[in-house]
Amino acid sequence: MNLLPLIVVYPLIMAIIFNYIYKSKVIRILALLMALSLIILPFLGSYGTYFFGAHGMESGLISGIAYIFNPAKQIIIFTLMLIGSLVLITGIGEKRVNGLFVSLLLMGLASVSAVVLADDLFNIYVFYEIVAIVQTGLVIASGTEKAYKSAFRYMIMGNMAGSLLLLGIAFLLSATGTLNISDMHNYLANNPATPTIYGGLLMLIIGLCYGSGLPPFHTVKADIYARAKPFVASMLQTYSKAILVAIMLVILKLFGGLSYFNTAHGALIALSIFGMVFGVVMALLQSDYKKLLSYHAISQVGYVAAGLAIGTPLGIVAGIFHAINNFIYKSALFLGAHIVSQKKSSNLAKLGGLLPIMPTVAFMILCAKLAISGVPPFNGFQSKLLLAEAAMNVNMPELAIIMILVSVGTFVSMMKAFYLIFLKPCSEEQIKEYKTTKVSKYSIFSLAVLTILCILLGIYPDIVINQITPYANEIGRIWTL
(Lines give C-alpha, C1' and ligand atoms only; values in the text may rest on other atoms or scores of the structure.)
Protein backbone atom coordinates (compact mmCIF):
# COMPACT_ATOMS: atom_id res chain seq x y z
CA MET A 1 0.00 0.00 0.00
CA ASN A 2 1.43 3.35 -1.09
CA LEU A 3 1.00 5.99 1.65
CA LEU A 4 2.32 8.84 -0.51
CA PRO A 5 -0.90 10.96 -0.28
CA LEU A 6 -0.38 11.22 3.49
CA ILE A 7 2.39 13.76 2.84
CA VAL A 8 -0.34 16.17 1.76
CA VAL A 9 -3.50 14.78 3.38
CA TYR A 10 -2.18 14.35 6.93
CA PRO A 11 -1.03 17.97 7.46
CA LEU A 12 -4.25 19.27 5.86
CA ILE A 13 -6.46 17.22 8.20
CA MET A 14 -4.39 18.24 11.22
CA ALA A 15 -4.60 21.88 10.11
CA ILE A 16 -8.39 21.67 10.34
CA ILE A 17 -8.20 20.04 13.78
CA PHE A 18 -5.77 22.63 15.13
CA ASN A 19 -8.04 25.39 13.90
CA TYR A 20 -10.73 24.14 16.30
CA ILE A 21 -8.43 23.96 19.33
CA TYR A 22 -7.39 27.57 19.03
CA LYS A 23 -6.99 28.20 22.77
CA SER A 24 -6.66 24.70 24.14
CA LYS A 25 -4.21 24.14 27.00
CA VAL A 26 -2.90 21.00 25.32
CA ILE A 27 -1.90 22.79 22.13
CA ARG A 28 1.79 22.79 23.03
CA ILE A 29 1.84 19.02 23.53
CA LEU A 30 -0.12 18.39 20.35
CA ALA A 31 2.11 20.75 18.36
CA LEU A 32 5.21 18.95 19.64
CA LEU A 33 3.78 15.57 18.62
CA MET A 34 2.88 17.04 15.24
CA ALA A 35 6.43 18.33 14.80
CA LEU A 36 7.85 14.86 15.45
CA SER A 37 5.41 13.17 13.08
CA LEU A 38 6.08 15.55 10.17
CA ILE A 39 9.64 14.34 9.59
CA ILE A 40 8.39 10.76 9.14
CA LEU A 41 5.99 11.60 6.30
CA PRO A 42 8.53 11.78 3.42
CA PHE A 43 9.54 8.16 4.06
CA LEU A 44 6.04 6.68 3.85
CA GLY A 45 5.59 6.84 0.09
CA SER A 46 6.96 4.55 -2.61
CA TYR A 47 8.97 5.91 -5.53
CA GLY A 48 7.22 6.17 -8.87
CA THR A 49 3.95 7.62 -10.16
CA TYR A 50 0.87 7.60 -7.95
CA PHE A 51 -2.57 7.90 -9.59
CA PHE A 52 -5.47 9.10 -7.45
CA GLY A 53 -8.82 7.29 -7.63
CA ALA A 54 -7.33 4.32 -9.53
CA HIS A 55 -6.92 6.47 -12.63
CA GLY A 56 -4.07 5.86 -15.03
CA MET A 57 -3.54 5.73 -18.75
CA GLU A 58 -6.67 6.24 -20.82
CA SER A 59 -6.54 6.58 -24.61
CA GLY A 60 -2.79 7.19 -24.44
CA LEU A 61 -3.07 10.06 -21.95
CA ILE A 62 -2.81 10.17 -18.16
CA SER A 63 -6.23 10.61 -16.59
CA GLY A 64 -6.85 12.23 -13.21
CA ILE A 65 -4.41 13.57 -10.65
CA ALA A 66 -0.91 12.10 -10.57
CA TYR A 67 2.00 12.53 -8.16
CA ILE A 68 5.58 11.71 -9.09
CA PHE A 69 7.85 10.73 -6.19
CA ASN A 70 11.60 10.16 -6.45
CA PRO A 71 14.68 10.58 -4.21
CA ALA A 72 15.16 14.22 -5.29
CA LYS A 73 11.61 15.17 -4.34
CA GLN A 74 11.90 13.15 -1.15
CA ILE A 75 14.95 15.10 0.05
CA ILE A 76 13.25 18.41 -0.79
CA ILE A 77 10.10 17.48 1.12
CA PHE A 78 12.08 16.05 4.04
CA THR A 79 14.02 19.31 4.43
CA LEU A 80 10.77 21.26 4.13
CA MET A 81 9.13 19.15 6.83
CA LEU A 82 12.20 19.41 9.06
CA ILE A 83 12.15 23.22 8.90
CA GLY A 84 8.42 23.13 9.59
CA SER A 85 8.99 20.90 12.62
CA LEU A 86 11.67 23.21 14.02
CA VAL A 87 9.50 26.29 13.48
CA LEU A 88 6.66 24.51 15.29
CA ILE A 89 9.00 23.66 18.16
CA THR A 90 10.15 27.27 18.29
CA GLY A 91 6.55 28.46 18.28
CA ILE A 92 5.80 26.27 21.29
CA GLY A 93 8.06 28.54 23.33
CA GLU A 94 6.01 31.62 22.42
CA LYS A 95 3.62 32.97 25.05
CA ARG A 96 0.78 33.42 22.58
CA VAL A 97 1.09 30.20 20.61
CA ASN A 98 -2.31 29.19 19.24
CA GLY A 99 -3.99 26.71 16.98
CA LEU A 100 -4.39 29.20 14.14
CA PHE A 101 -0.62 29.59 13.78
CA VAL A 102 -0.12 25.82 13.76
CA SER A 103 -3.02 25.38 11.35
CA LEU A 104 -1.61 27.89 8.84
CA LEU A 105 1.87 26.42 9.04
CA LEU A 106 0.59 22.88 8.42
CA MET A 107 -1.59 24.03 5.54
CA GLY A 108 1.47 25.63 3.98
CA LEU A 109 3.56 22.48 4.39
CA ALA A 110 0.85 20.35 2.78
CA SER A 111 0.37 22.77 -0.11
CA VAL A 112 4.06 23.22 -0.92
CA SER A 113 4.53 19.43 -0.80
CA ALA A 114 1.64 19.04 -3.24
CA VAL A 115 3.23 21.57 -5.63
CA VAL A 116 6.50 19.61 -5.47
CA LEU A 117 4.79 16.26 -6.08
CA ALA A 118 2.05 17.09 -8.59
CA ASP A 119 2.40 16.15 -12.25
CA ASP A 120 -0.68 18.19 -13.09
CA LEU A 121 -0.61 21.95 -13.78
CA PHE A 122 -4.05 22.71 -12.40
CA ASN A 123 -3.35 21.04 -9.05
CA ILE A 124 -0.09 22.95 -8.88
CA TYR A 125 -2.09 26.16 -9.36
CA VAL A 126 -4.63 25.28 -6.65
CA PHE A 127 -2.00 24.59 -4.01
CA TYR A 128 0.13 27.50 -5.22
CA GLU A 129 -2.77 29.82 -4.36
CA ILE A 130 -3.24 28.19 -0.96
CA VAL A 131 0.44 28.83 -0.18
CA ALA A 132 -0.04 32.52 -1.02
CA ILE A 133 -3.02 32.71 1.35
CA VAL A 134 -1.08 30.90 4.08
CA GLN A 135 1.87 33.29 3.78
CA THR A 136 -0.51 36.24 4.02
CA GLY A 137 -2.14 34.76 7.12
CA LEU A 138 1.18 34.11 8.85
CA VAL A 139 2.26 37.72 8.25
CA ILE A 140 -1.06 39.06 9.56
CA ALA A 141 -0.59 36.88 12.66
CA SER A 142 2.34 39.12 13.60
CA GLY A 143 -0.33 41.59 14.72
CA THR A 144 1.26 44.89 13.76
CA GLU A 145 -0.11 47.60 11.49
CA LYS A 146 2.89 47.33 9.18
CA ALA A 147 2.36 43.58 8.93
CA TYR A 148 -1.27 44.12 7.89
CA LYS A 149 -0.26 46.59 5.19
CA SER A 150 2.49 44.32 3.91
CA ALA A 151 0.15 41.31 3.75
CA PHE A 152 -2.49 43.38 1.95
CA ARG A 153 0.02 44.49 -0.70
CA TYR A 154 1.18 40.91 -1.12
CA MET A 155 -2.38 39.72 -1.69
CA ILE A 156 -3.10 42.46 -4.24
CA MET A 157 -0.03 41.42 -6.22
CA GLY A 158 -1.04 37.79 -5.77
CA ASN A 159 -4.46 38.40 -7.29
CA MET A 160 -2.76 39.58 -10.47
CA ALA A 161 0.03 36.98 -10.56
CA GLY A 162 -2.28 34.08 -9.69
CA SER A 163 -4.76 35.08 -12.37
CA LEU A 164 -2.01 35.28 -14.97
CA LEU A 165 -0.70 31.86 -13.94
CA LEU A 166 -4.17 30.38 -14.34
CA LEU A 167 -4.50 32.07 -17.73
CA GLY A 168 -1.17 30.56 -18.79
CA ILE A 169 -2.34 27.10 -17.75
CA ALA A 170 -5.52 27.64 -19.78
CA PHE A 171 -3.42 28.62 -22.80
CA LEU A 172 -1.34 25.45 -22.53
CA LEU A 173 -4.45 23.32 -22.02
CA SER A 174 -6.06 24.76 -25.14
CA ALA A 175 -2.88 24.15 -27.15
CA THR A 176 -2.08 20.63 -25.94
CA GLY A 177 -5.42 19.21 -24.82
CA THR A 178 -4.09 18.03 -21.45
CA LEU A 179 -3.14 19.32 -18.02
CA ASN A 180 -0.76 16.49 -17.20
CA ILE A 181 2.82 17.71 -17.33
CA SER A 182 4.29 14.52 -18.78
CA ASP A 183 1.70 14.39 -21.57
CA MET A 184 2.07 18.11 -22.19
CA HIS A 185 5.83 17.67 -22.55
CA ASN A 186 5.33 14.94 -25.16
CA TYR A 187 3.00 17.19 -27.15
CA LEU A 188 5.31 20.22 -27.03
CA ALA A 189 8.31 18.13 -28.09
CA ASN A 190 6.53 16.83 -31.19
CA ASN A 191 4.53 19.84 -32.37
CA PRO A 192 5.44 23.36 -33.52
CA ALA A 193 5.05 26.29 -31.16
CA THR A 194 2.05 28.62 -31.42
CA PRO A 195 1.35 32.07 -29.94
CA THR A 196 -0.81 30.33 -27.33
CA ILE A 197 2.15 28.24 -26.17
CA TYR A 198 4.37 31.32 -26.02
CA GLY A 199 1.74 33.03 -23.89
CA GLY A 200 1.49 30.03 -21.59
CA LEU A 201 5.26 29.99 -21.06
CA LEU A 202 5.25 33.73 -20.25
CA MET A 203 2.45 33.34 -17.71
CA LEU A 204 4.23 30.42 -16.03
CA ILE A 205 7.33 32.59 -15.61
CA ILE A 206 5.24 35.39 -14.07
CA GLY A 207 3.73 32.91 -11.62
CA LEU A 208 7.22 31.62 -10.84
CA CYS A 209 8.48 35.13 -10.07
CA TYR A 210 5.62 35.91 -7.70
CA GLY A 211 5.77 32.60 -5.85
CA SER A 212 9.54 32.75 -5.35
CA GLY A 213 10.28 36.46 -4.99
CA LEU A 214 12.18 36.97 -8.22
CA PRO A 215 11.89 40.42 -9.88
CA PRO A 216 9.52 42.21 -10.29
CA PHE A 217 8.01 40.81 -7.06
CA HIS A 218 11.23 40.94 -5.04
CA THR A 219 10.40 44.00 -2.93
CA VAL A 220 6.95 42.83 -1.83
CA LYS A 221 8.41 39.42 -0.92
CA ALA A 222 11.23 40.96 1.10
CA ASP A 223 8.67 43.13 2.87
CA ILE A 224 6.58 40.22 4.14
CA TYR A 225 9.70 38.51 5.46
CA ALA A 226 10.67 41.67 7.34
CA ARG A 227 7.19 42.26 8.79
CA ALA A 228 6.58 38.70 10.01
CA LYS A 229 8.03 37.41 13.26
CA PRO A 230 11.58 36.22 12.51
CA PHE A 231 10.94 32.53 13.24
CA VAL A 232 7.84 32.70 11.01
CA ALA A 233 9.90 34.37 8.28
CA SER A 234 12.14 31.30 8.28
CA MET A 235 9.11 29.28 7.19
CA LEU A 236 7.95 31.86 4.67
CA GLN A 237 11.28 31.92 2.84
CA THR A 238 11.38 28.11 2.85
CA TYR A 239 7.94 27.97 1.22
CA SER A 240 9.07 30.47 -1.43
CA LYS A 241 12.23 28.62 -2.42
CA ALA A 242 10.45 25.27 -2.55
CA ILE A 243 7.87 26.83 -4.89
CA LEU A 244 10.73 28.20 -7.00
CA VAL A 245 12.33 24.78 -7.35
CA ALA A 246 9.04 23.02 -8.11
CA ILE A 247 7.79 25.44 -10.79
CA MET A 248 11.22 25.91 -12.37
CA LEU A 249 11.51 22.13 -12.73
CA VAL A 250 8.06 22.08 -14.34
CA ILE A 251 9.15 24.74 -16.84
CA LEU A 252 12.35 22.83 -17.63
CA LYS A 253 10.43 19.59 -18.02
CA LEU A 254 7.91 21.19 -20.38
CA PHE A 255 10.18 23.40 -22.49
CA GLY A 256 13.79 22.36 -21.83
CA GLY A 257 15.69 21.58 -25.03
CA LEU A 258 13.11 23.25 -27.31
CA SER A 259 14.53 25.89 -29.64
CA TYR A 260 12.03 28.60 -28.71
CA PHE A 261 12.90 28.24 -25.02
CA ASN A 262 16.26 29.95 -25.56
CA THR A 263 14.85 33.46 -25.11
CA ALA A 264 13.00 32.52 -21.91
CA HIS A 265 16.14 30.71 -20.81
CA GLY A 266 18.17 33.93 -21.09
CA ALA A 267 15.42 35.96 -19.40
CA LEU A 268 15.39 33.62 -16.41
CA ILE A 269 19.15 33.93 -16.00
CA ALA A 270 18.88 37.73 -16.23
CA LEU A 271 16.15 37.80 -13.57
CA SER A 272 18.33 35.58 -11.38
CA ILE A 273 21.29 37.93 -11.67
CA PHE A 274 19.14 40.96 -10.88
CA GLY A 275 17.73 39.22 -7.81
CA MET A 276 21.21 38.28 -6.57
CA VAL A 277 22.68 41.75 -7.00
CA PHE A 278 19.64 43.73 -5.83
CA GLY A 279 19.28 41.61 -2.69
CA VAL A 280 22.87 41.98 -1.54
CA VAL A 281 23.08 45.71 -2.34
CA MET A 282 19.89 46.42 -0.37
CA ALA A 283 21.12 44.24 2.51
CA LEU A 284 24.30 46.30 2.75
CA LEU A 285 22.20 49.44 3.24
CA GLN A 286 20.01 48.15 6.07
CA SER A 287 20.14 49.16 9.73
CA ASP A 288 17.37 46.74 10.74
CA TYR A 289 18.50 43.13 11.14
CA LYS A 290 15.24 41.58 9.94
CA LYS A 291 15.28 43.68 6.78
CA LEU A 292 18.92 42.76 6.18
CA LEU A 293 18.07 39.06 6.35
CA SER A 294 14.97 39.58 4.20
CA TYR A 295 16.95 41.11 1.35
CA HIS A 296 19.52 38.36 1.62
CA ALA A 297 16.65 35.90 1.19
CA ILE A 298 15.92 37.58 -2.16
CA SER A 299 19.60 37.39 -3.11
CA GLN A 300 19.68 33.67 -2.35
CA VAL A 301 16.59 33.12 -4.51
CA GLY A 302 18.70 34.50 -7.35
CA TYR A 303 21.38 31.88 -6.76
CA VAL A 304 18.87 29.03 -6.77
CA ALA A 305 17.12 30.36 -9.87
CA ALA A 306 20.44 30.83 -11.68
CA GLY A 307 21.45 27.21 -11.22
CA LEU A 308 18.07 25.91 -12.35
CA ALA A 309 17.88 28.39 -15.24
CA ILE A 310 21.21 27.13 -16.58
CA GLY A 311 19.28 23.91 -17.09
CA THR A 312 22.20 21.49 -17.42
CA PRO A 313 22.26 18.42 -15.15
CA LEU A 314 25.00 20.03 -13.05
CA GLY A 315 23.08 23.33 -12.93
CA ILE A 316 19.94 21.57 -11.71
CA VAL A 317 21.90 19.64 -9.07
CA ALA A 318 23.55 22.87 -7.91
CA GLY A 319 20.26 24.79 -7.88
CA ILE A 320 18.33 22.18 -5.88
CA PHE A 321 21.26 21.59 -3.52
CA HIS A 322 21.60 25.32 -2.90
CA ALA A 323 17.86 25.58 -2.26
CA ILE A 324 18.10 22.83 0.37
CA ASN A 325 21.15 24.49 1.92
CA ASN A 326 19.30 27.79 1.90
CA PHE A 327 16.32 26.24 3.67
CA ILE A 328 18.74 25.35 6.44
CA TYR A 329 21.11 28.28 6.93
CA LYS A 330 18.56 30.98 6.15
CA SER A 331 16.14 29.46 8.65
CA ALA A 332 19.00 29.39 11.17
CA LEU A 333 19.64 33.08 10.57
CA PHE A 334 15.99 34.02 11.04
CA LEU A 335 15.78 31.89 14.19
CA GLY A 336 18.92 33.65 15.41
CA ALA A 337 17.26 36.99 14.71
CA HIS A 338 14.25 35.80 16.73
CA ILE A 339 16.52 35.06 19.70
CA VAL A 340 18.32 38.39 19.36
CA SER A 341 15.06 40.36 19.11
CA GLN A 342 13.87 38.76 22.34
CA LYS A 343 16.86 40.33 24.07
CA LYS A 344 16.35 43.85 22.71
CA SER A 345 15.10 44.62 19.18
CA SER A 346 16.06 44.08 15.56
CA ASN A 347 17.53 47.58 15.22
CA LEU A 348 21.28 47.12 14.86
CA ALA A 349 21.96 50.55 16.40
CA LYS A 350 20.31 49.45 19.67
CA LEU A 351 22.20 46.15 19.94
CA GLY A 352 25.71 45.22 20.98
CA GLY A 353 27.65 43.32 23.60
CA LEU A 354 25.65 40.10 23.38
CA LEU A 355 28.66 37.78 22.99
CA PRO A 356 29.35 37.33 26.74
CA ILE A 357 25.62 36.88 27.41
CA MET A 358 25.00 34.13 24.83
CA PRO A 359 28.32 32.79 23.44
CA THR A 360 26.84 29.49 22.21
CA VAL A 361 24.08 31.26 20.29
CA ALA A 362 26.65 33.69 18.87
CA PHE A 363 28.74 30.77 17.62
CA MET A 364 25.77 29.10 15.95
CA ILE A 365 24.69 32.35 14.28
CA LEU A 366 28.25 32.89 13.09
CA CYS A 367 28.23 29.41 11.51
CA ALA A 368 25.01 30.27 9.64
CA LYS A 369 26.51 33.59 8.49
CA LEU A 370 29.61 31.82 7.17
CA ALA A 371 27.39 29.25 5.45
CA ILE A 372 25.34 31.86 3.56
CA SER A 373 28.59 33.63 2.61
CA GLY A 374 29.96 30.47 0.99
CA VAL A 375 32.83 29.94 3.41
CA PRO A 376 34.16 26.37 3.82
CA PRO A 377 33.57 23.94 5.44
CA PHE A 378 29.88 24.91 5.58
CA ASN A 379 27.13 23.76 3.22
CA GLY A 380 26.78 27.06 1.38
CA PHE A 381 30.32 26.73 0.07
CA GLN A 382 29.60 23.34 -1.52
CA SER A 383 26.50 24.44 -3.42
CA LYS A 384 27.97 27.80 -4.48
CA LEU A 385 31.03 25.97 -5.81
CA LEU A 386 28.74 23.73 -7.87
CA LEU A 387 26.82 26.77 -9.14
CA ALA A 388 30.02 28.48 -10.29
CA GLU A 389 31.19 25.24 -11.94
CA ALA A 390 27.84 24.89 -13.74
CA ALA A 391 28.17 28.45 -15.06
CA MET A 392 31.73 27.80 -16.26
CA ASN A 393 30.67 24.58 -17.99
CA VAL A 394 28.25 26.49 -20.24
CA ASN A 395 30.90 29.13 -20.97
CA MET A 396 29.38 31.81 -18.75
CA PRO A 397 32.33 32.94 -16.59
CA GLU A 398 30.62 36.32 -16.09
CA LEU A 399 27.82 34.60 -14.16
CA ALA A 400 30.35 32.77 -11.97
CA ILE A 401 32.16 36.05 -11.26
CA ILE A 402 28.87 37.76 -10.30
CA MET A 403 28.11 34.90 -7.90
CA ILE A 404 31.51 35.31 -6.27
CA LEU A 405 31.16 39.09 -5.96
CA VAL A 406 27.69 38.74 -4.45
CA SER A 407 29.11 36.24 -1.95
CA VAL A 408 31.74 38.81 -0.97
CA GLY A 409 29.01 41.39 -0.41
CA THR A 410 27.06 38.83 1.62
CA PHE A 411 30.09 38.16 3.79
CA VAL A 412 30.68 41.88 4.41
CA SER A 413 27.07 42.59 5.42
CA MET A 414 26.88 39.49 7.61
CA MET A 415 30.11 40.25 9.46
CA LYS A 416 28.99 43.85 9.93
CA ALA A 417 25.75 42.64 11.51
CA PHE A 418 27.62 40.13 13.68
CA TYR A 419 29.88 42.87 15.01
CA LEU A 420 27.01 45.23 15.76
CA ILE A 421 25.01 42.55 17.56
CA PHE A 422 27.66 40.65 19.49
CA LEU A 423 30.97 42.56 19.56
CA LYS A 424 30.07 46.26 19.69
CA PRO A 425 30.65 47.64 23.23
CA CYS A 426 27.55 48.48 25.25
CA SER A 427 26.74 49.97 28.64
CA GLU A 428 26.51 48.07 31.93
CA GLU A 429 22.81 48.93 32.12
CA GLN A 430 22.20 47.28 28.77
CA ILE A 431 24.08 44.16 29.87
CA LYS A 432 21.89 43.96 33.00
CA GLU A 433 18.81 44.30 30.79
CA TYR A 434 20.05 41.45 28.58
CA LYS A 435 20.55 39.19 31.61
CA THR A 436 17.01 39.72 32.85
CA THR A 437 15.49 38.68 29.51
CA LYS A 438 15.12 34.93 29.10
CA VAL A 439 15.37 33.18 25.76
CA SER A 440 13.25 30.13 24.95
CA LYS A 441 15.19 26.86 24.99
CA TYR A 442 13.00 25.68 22.12
CA SER A 443 14.49 28.38 19.89
CA ILE A 444 18.05 27.46 20.87
CA PHE A 445 17.36 23.77 20.20
CA SER A 446 16.02 24.51 16.71
CA LEU A 447 19.01 26.73 15.95
CA ALA A 448 21.40 24.00 17.13
CA VAL A 449 19.85 21.39 14.81
CA LEU A 450 20.18 23.70 11.81
CA THR A 451 23.77 24.61 12.69
CA ILE A 452 24.74 20.93 12.84
CA LEU A 453 23.18 20.42 9.40
CA CYS A 454 25.15 23.38 7.99
CA ILE A 455 28.36 21.67 9.07
CA LEU A 456 27.27 18.12 8.17
CA LEU A 457 26.27 18.96 4.59
CA GLY A 458 29.39 21.08 4.20
CA ILE A 459 31.58 18.07 5.01
CA TYR A 460 29.40 15.39 3.39
CA PRO A 461 27.55 17.08 0.48
CA ASP A 462 27.05 13.75 -1.30
CA ILE A 463 24.29 12.94 1.20
CA VAL A 464 22.09 15.27 -0.84
CA ILE A 465 23.87 15.39 -4.21
CA ASN A 466 23.55 11.63 -4.78
CA GLN A 467 19.78 11.86 -4.27
CA ILE A 468 19.36 14.71 -6.74
CA THR A 469 21.68 13.65 -9.57
CA PRO A 470 19.50 10.97 -11.29
CA TYR A 471 16.52 13.34 -11.55
CA ALA A 472 18.75 16.18 -12.75
CA ASN A 473 20.20 13.94 -15.47
CA GLU A 474 16.64 13.10 -16.58
CA ILE A 475 15.50 16.73 -16.90
CA GLY A 476 18.72 18.60 -17.70
CA ARG A 477 20.02 19.42 -21.18
CA ILE A 478 23.67 19.78 -22.15
CA TRP A 479 24.48 23.07 -23.94
CA THR A 480 27.13 25.76 -24.13
CA LEU A 481 27.44 29.29 -25.48
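Some observations on this one:
- Radius of gyration, Dmax [the range 368-481; alpha carbons; angstrom]: 19.3, 62
- R0 of 56 Å, Cβ-Cβ distance Lys441-Asn190: FRET efficiency to nearest 0.05: 0.45
- Accessible surface of Met358 - all protein chains present, 1.4 Å probe, nearest 10 Å²: 10 Å²
- Listed pairs Lys221/Lys291; Lys149/Lys441; Lys146/Lys221; Lys221/Lys290 exceeding 20 Å between Cα atoms: Lys149/Lys441
- Computed log₁₀ I(q)/I(0) - Debye formula, equal Cα scatterers, no solvent, the range 325-433, q 0.14, 0.15 Å⁻¹: -0.60, -0.67
- Mean sequence separation of contacting Cα pairs (under 8 Å, at least six apart), scaled by the length of the chain, corresponds to a relative contact order of 15 percent.
- Whole-number accessible area per residue in Å² for the chain, which is evaluated in the context of all protein chains at 1.4 Å: 38 Å²
- Computed log10 I(q)/I(0) for the chain at 0.07, 0.09, 0.13 Å⁻¹: -0.33, -0.56, -1.20, from the Debye equation with unit scatterers placed on every C-alpha and solvent omitted.
- Principal semi-axes of the equivalent ellipsoid, √(5λ) from the alpha carbon gyration tensor of the range 221-305, are 28, 15, 6 Å from largest down.
- Restricting the calculation to Cα atoms, the range 414-470 yields a radius of gyration followed by a Dmax of 18.0, 58 Å.
- Counted charge near Gly380, where neighbours are those whose Cβ lies closer than 14 Å (Asp, Glu -1; Lys, Arg +1): +4
- Column: log10 I(q)/I(0), Debye, Cα scatterers of the range 213-363, q = 0.09, 0.13, 0.18, 0.19 Å⁻¹: -0.31, -0.60, -0.99, -1.08
- Each part gets one Cα centre, and for the range 285-332 versus the range 195-224 those centres are 16 Å apart.
- Ligands, DNA and RNA left out, the 1.4 Å accessible surface of the chain is 68% carbon and sulfur atoms.
- Think of each Lys and Arg Cβ as +1 and each Asp and Glu Cβ as -1; about the Cα centre, that makes the dipole of the chain roughly 1840 debye.
- Estimated distance in nm for a label pair at Ala349 and Ser259, the labels positioned 7 Å out from Cα along Cα-to-Cβ: 6.0 nm
- Span-rule helices in the chain, defined as complete DSSP H runs reaching 18 Å or more along the axis (Cα) with Kyte mean at least 1.6: 6-20, 71-92, 99-117, 121-140, 230-255, 261-284, 359-372, 397-418, 441-459
- Rounded to the nearest 0.05, the FRET efficiency derived from the C-beta distance between Gln342 and Asn473 at R0 = 35 Å is 0.15.
The values are calculated or read from the model by the stated rules, or taken from the named source; none is laboratory data. As the structure is a computational prediction, the values presented were derived from the model and not from experiment. Every residue, glycine as well, gets a Cβ built from its backbone with ideal geometry; the counts of neighbours run over all protein chains shown. Only protein heavy atoms, including side chains, enter the accessible area calculation; ligands, DNA and RNA are left aside. Shrake-Rupley method; radii C 1.70, N 1.55, O 1.52, S 1.80 Å.
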